[in-house]
Every structure is written in C-alpha cells, then in structure tokens.
Amino acid sequence: MYGYSSDIGEASWFAPEIYFVVRSFPSSVNMHQWQGAAFTAHSIGHKGMMQASKIMALTIIDYIQNPVLRTDIRREFEENSRMYKYQPLIK
C-alpha cells in the first residue's frame, strides 16, 4: 500500500484529471509519517522532485502540441461522467 492521496476534490467532476506518483523514499517507509517527510530533505527526495517536474513538463508539452490528444481526453471525460450528475454537498 503506497498511501496515494490527492487534494483535487470537486474539480475532478468538472474537468479531466491526471496525476502520478514519484517515489522519493524507500518502499519500507510509509508516506505521511515523519520518516517520509525526512527523506524529502535528502538527495533521494530532490531526485524524486526533479523526476516529477520532468514528467509534468513533458506531459504539458504533449497536451499542448497534440490537438487529437486534447479532443480524446475531453471525449473520454464526457463519456465517463455522462451517467452521473454531480451534486455538491455545500451550495
């Protein structure tokens, strides 16, 4: 169990969402504990964040440069969300 989490919240009901995880500490260390936080201050954490920034940058470039990809993403989102009408708990 990796303990993935996201703070995307309600936005994912209105627009397509993508996220990924880059491991920046050993698998024996649990996320969201002091050991996981401590690793981010060391070289392994820095390497993980550099890898994450490269992934984000290249993904954005692919998205911007490929209109077919943008259309396909939007179409898939519309198809997957068509059957569910989102109602926020707080209005």
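Values quoted throughout were computed directly from the atomic coordinates according to the rules given, and no laboratory measurement underlies them. All values reported here derive from a predicted model rather than from experimental measurement. Glycine also receives a Cβ, built like all others from the backbone with ideal geometry; neighbour counts cover every protein chain displayed.
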- Task: Hey, can you tell me all the residues within segment 12-38 that are over 25 Å from Glu78 (Cα atoms), surrounded by 13 or more Cβ atoms within 10 Å (Cβ to Cβ) and of a type in the set (Ser, Thr, Tyr)?
- Result: Ser24
- In segment 39-91, what residues are among the hydroxyl-bearing types (Ser, Thr, Tyr), within 25 Å of Trp13 (Cβ to Cβ) and exposed (fewer than 11 other Cβ atoms within 10 Å of the Cβ)? Thr71, Tyr84, Tyr86
- Query: Taking His46, is it part of a helix (DSSP H, G or I) and over 14 Å from the mean Cα position of the chain (by Cα)?
  - Reply: yes
